[in-house]
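Sharing a structure, written as structure tokens. Questions coming.
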């Protein structure tokens, strides 16, 4: 049998030898004359998945993922393409592990991208739970041993999965577990900031830092492991508890178990399920050690973690997280109240569409989610939450203008919708209308004066408009509400540095480091300030710390090179510039300054090559002044005998 690959066809099976689909008339194909699709396995917003036969391997089964996004617009398409390519890259990077699917091929054919991967013969753990009932403690311990061994390899490659849940863990026929679906994964060194409303992960299994700001660390995956263990032990989806308690359920999860677990396993799960990522285990290896030790420590220390950095010295926008929930901010803590109170509608069908939209959004089918929200709104035109969440989905597709209109509607039908005001403010800020953004933040503060995030984002807009004093006052208020708000300390430090109050700036960076000793950015910014004060050696020490916590921090290597160059250490400066270029091959300034260092060492040819490379990059980047300067350097060398 051959399955039709037309994305809009229902893909009926067609007998072998048939040339055209009996349903839609599309020509039936064998991809690359090798991969024959035989069954549709489902699909989402980005395309469809098929079971296939590999003709070159005696009809061995494999899986074809077809990229056929249901979206419009260049930005949305580029973003979808990036996610699809990302999964292929992760599989290529990780697929040598026996418990991660192997990438077999990635290619374009008939204007569609295709990813072909190993077929895993088995069933996922959610199906196993439904068929066999709740897991016992021994089964959970074996699950942890197998899954953590896979995650150890994943994290060693500096990849975060970001969507650990029972559906993404398959038990093969030999009993071994396989981790699938790397479409949501990301590199450890990627920026912690995501676009407005973007949240990668599944409701109930995703950690607070993923839901709140798009951050992801090894400890974020470990939270998903803990939530998965709870689900399999109790038979209760964590999302069900989250709707009623937010993250409060992680403190009383034991009461939902039909059979108690040992103190040892309980302590491990307690630590995996910590709300604050710093208080969880920081590596899969650490959990494995706890599992294999006779005594398990009761205390939960704060340990250093891999913290992604922001690659430039500027304010950090923290975007309101995607969540169809009411958000209550206490001092330093985010508490989430479930959507139960938000679904006070009379028409059950509208609620049903709304919930289906949430599920599709959770599966990254943003176009499908929008269709469901459209239906909910058609039935209930006053459905504020449907407008709000449709706005989030549209933001994910890069359509900020229609998202703005949805937030307008959400506010129209719920004038006290704090999150809608904040997200509308964020979009207005992105569109360059910071004054209107400030007005939205003002309204959000009027509704909820104890929400640190709103003050923080208003501070960003004030800073963009040049009102530094107002920005400082906003950061002061954010810090007053949340004394552990590292980003607010960092941004306040930036403004204080710009105002010439360098000592106060350094104190702010010190405080941010105290809050999170593994956060590369405050070390970097403190290094910049110390460099400006002339303390080059102290600046080098700070840049070194920033690099320690973010080995791919090109700016830190570059600035450390500048400081070493100023101290006359041209050779180590060259090494730093070289590393910056390795991380960012388009770093024109790094080539230029490496050329200066080569010149100081008398290496004329290397200097000319660097200046030429910098000139080419400056020209491509439209930096005319820098381009002419690089050309002048080359002329100076060429004029010398």
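For region 338-345, check the following and say yes or no: at least one residue is at pLDDT 85 or above, under 24 Å from residue 416 (Cα atoms) and touching a helix residue (DSSP H, G or I) at 6+ places or on another chain (Cβ under 6 Å). Working first, answer last.
First, pick out the residues of region 338-345 that are at pLDDT 85 or above: none.
Checking region 338-345: not a single residue is at pLDDT 85 or above, under 24 Å from residue 416 (Cα atoms) and touching a helix residue (DSSP H, G or I) at 6+ places or on another chain (Cβ under 6 Å).
Next up: Give me the pairs, please: first residue somewhere in region 397-418 and under 20 Å from residue 448 (Cα atoms), second residue anywhere and assigned to a loop (DSSP other than H, G, I, E, B), beta-carbon distance under 8 Å, and either six or more positions apart or on two chains.
Listed by first residue and then by second, the contacts come to 410/417; 411/417; 413/382; 413/383; 418/448; 418/451.
Would you be able to tell me the number of residues in region 5-37 that are at pLDDT 80 or above, within 24 Å of residue 120 (Cβ to Cβ) and crowded, with 18+ Cβ neighbours inside 10 Å?
Total meeting the criteria: 5.
So that you can scan it fast, the table gives a plain yes or no per residue for (1) within 27 Å of residue 618 (Cβ to Cβ); (2) touching a strand residue (DSSP E or B) at 6+ places or on another chain (Cβ under 7 Å); (3) surrounded by fewer than 17 Cβ atoms within 10 Å (Cβ to Cβ):
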{"site": "501", "(1), (2), (3)": "no, no, yes"}
{"site": "527", "(1), (2), (3)": "yes, no, no"}
{"site": "530", "(1), (2), (3)": "no, no, no"}
{"site": "542", "(1), (2), (3)": "no, no, no"}
{"site": "556", "(1), (2), (3)": "yes, no, no"}
{"site": "570", "(1), (2), (3)": "yes, no, no"}
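Among the numbered conditions (1) part of a loop (DSSP other than H, G, I, E, B); (2) without any contact (Cβ under 8 Å) to a residue 40 or more places away in the chain, tell me where residue 517 comes up short.
(2)
Separate question: For residue 482, all conditions in the list (1) more than 30 Å from residue 355 (Cβ to Cβ); (2) surrounded by fewer than 20 Cβ atoms within 10 Å (Cβ to Cβ) hold save one; what is the number of the exception?
Among (1) more than 30 Å from residue 355 (Cβ to Cβ); (2) surrounded by fewer than 20 Cβ atoms within 10 Å (Cβ to Cβ), residue 482 violates only (2).
One line per residue, one yes/no per condition, for (1) touching a strand residue (DSSP E or B) at 6+ places or on another chain (Cβ under 8 Å); (2) at pLDDT below 95; (3) closer than 28 Å to residue 475 by Cα; (4) surrounded by fewer than 16 Cβ atoms within 10 Å (Cβ to Cβ):
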site	(1), (2), (3), (4)
514	no, yes, yes, yes
520	yes, yes, yes, no
560	no, no, no, no
573	no, no, no, no
576	no, no, no, no
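Hey, another quick one. Return yes or no: is residue 564 modelled with pLDDT of 95 or more, more than 30 Å from the chain's Cα centre (by Cα) and surrounded by 22 or more Cβ atoms within 10 Å (Cβ to Cβ)?
Details: modelled with pLDDT of 95 or more: yes; more than 30 Å from the chain's Cα centre (by Cα): yes; surrounded by 22 or more Cβ atoms within 10 Å (Cβ to Cβ): yes.
In short, yes.
Now for a different question. Against the condition buried (at least 23 other Cβ atoms within 10 Å of the Cβ), under 23 Å from residue 424 (Cβ atoms) and in contact with a strand residue (DSSP E or B) (Cβ under 7 Å, 6 or more places away or on another chain), how does residue 456 come out, does it pass?
Working: buried (at least 23 other Cβ atoms within 10 Å of the Cβ): yes; under 23 Å from residue 424 (Cβ atoms): yes; in contact with a strand residue (DSSP E or B) (Cβ under 7 Å, 6 or more places away or on another chain): no.
Judged against the criteria, residue 456 is not a match.
Follow-up. Could you check residue 487 against (1) at pLDDT 90 or above; (2) closer than 16 Å to residue 511 by Cβ; (3) buried (at least 21 other Cβ atoms within 10 Å of the Cβ) and say which number it fails?
(1)
Regarding residue 555, is this residue assigned to a helix (DSSP H, G or I), out of contact with any helix residue (DSSP H, G or I) (no Cβ under 6 Å at 6 or more places or on another chain) and touching a residue at least 40 places away in the same chain (Cβ under 8 Å)? Write out each step before concluding.
Numbers: assigned to a helix (DSSP H, G or I): yes; out of contact with any helix residue (DSSP H, G or I) (no Cβ under 6 Å at 6 or more places or on another chain): yes; touching a residue at least 40 places away in the same chain (Cβ under 8 Å): yes.
Yes; evaluated as a whole, the condition is true for this residue.
Let me ask something additional. As an exercise: evaluate residue 589 against (1) out of contact with any helix residue (DSSP H, G or I) (no Cβ under 6 Å at 6 or more places or on another chain); (2) touching a residue at least 24 places away in the same chain (Cβ under 8 Å); (3) within 20 Å of residue 523 (Cα to Cα) and give the number of the one condition it does not meet.
(3)
Residues of region 485-514 being touching a residue at least 60 places away in the same chain (Cβ under 8 Å) and assigned to a helix (DSSP H, G or I), which ones? So that I can check it myself, show each step before the final result.
Within region 485-514, the first condition is being touching a residue at least 60 places away in the same chain (Cβ under 8 Å), and the residues that meet it are 485, 487, 490-491, 494.
Matches in region 485-514: 487, 490, 491, 494.
Just one of 563, 538, 580 is in contact with a helix residue (DSSP H, G or I) (Cβ under 7 Å, 6 or more places away or on another chain) and without any contact (Cβ under 8 Å) to a residue 12 or more places away in the chain; which is it? So that I can check it myself, show each step before the final result.
Values: 563 fails: without any contact (Cβ under 8 Å) to a residue 12 or more places away in the chain; 580 fails: without any contact (Cβ under 8 Å) to a residue 12 or more places away in the chain.
Result: 538 is the single residue among 563, 538, 580 that is in contact with a helix residue (DSSP H, G or I) (Cβ under 7 Å, 6 or more places away or on another chain) and without any contact (Cβ under 8 Å) to a residue 12 or more places away in the chain.
Name the single residue that is modelled with the lowest pLDDT among those in region 87-117 being touching a helix residue (DSSP H, G or I) at 6+ places or on another chain (Cβ under 8 Å) and either under 19 Å from residue 156 (Cβ atoms) or surrounded by fewer than 17 Cβ atoms within 10 Å (Cβ to Cβ) (or both).
94
What do you reckon, is residue 451 touching a strand residue (DSSP E or B) at 6+ places or on another chain (Cβ under 6 Å) and under 23 Å from residue 468 (Cβ atoms)?
Numbers: touching a strand residue (DSSP E or B) at 6+ places or on another chain (Cβ under 6 Å): yes; under 23 Å from residue 468 (Cβ atoms): yes.
Yes, satisfied.
Would you point out which residue out of 164, 160, 140, 120 is crowded, with 17+ Cβ neighbours inside 10 Å, closer than 21 Å to residue 285 by Cβ and at pLDDT below 90? Give the steps one after another, and end with the answer.
Working: 164 fails: at pLDDT below 90; 140 fails: at pLDDT below 90; 120 fails: closer than 21 Å to residue 285 by Cβ.
Going through 164, 160, 140, 120 in turn, the sole match is 160.
Consider region 38-59. How many of its residues are within 26 Å of residue 359 (Cβ to Cβ) and either in a strand (DSSP E or B) or modelled with pLDDT of 85 or more (or both)? Working first, answer last.
Narrowing region 38-59 to residues within 26 Å of residue 359 (Cβ to Cβ): 39-51.
Checking which are either in a strand (DSSP E or B) or modelled with pLDDT of 85 or more (or both) leaves us with 39-44, 47-51.
Counting residues in region 38-59 that are within 26 Å of residue 359 (Cβ to Cβ) and either in a strand (DSSP E or B) or modelled with pLDDT of 85 or more (or both) gives 11.
The values are calculated or read from the model by the stated rules, or taken from the named source; none is laboratory data. Everything numeric in this text was worked out from a predicted model, so none of it was measured. Don't worry about glycine lacking a Cβ; one is built from the backbone with ideal geometry, like all the others, and counts go over all protein chains shown.
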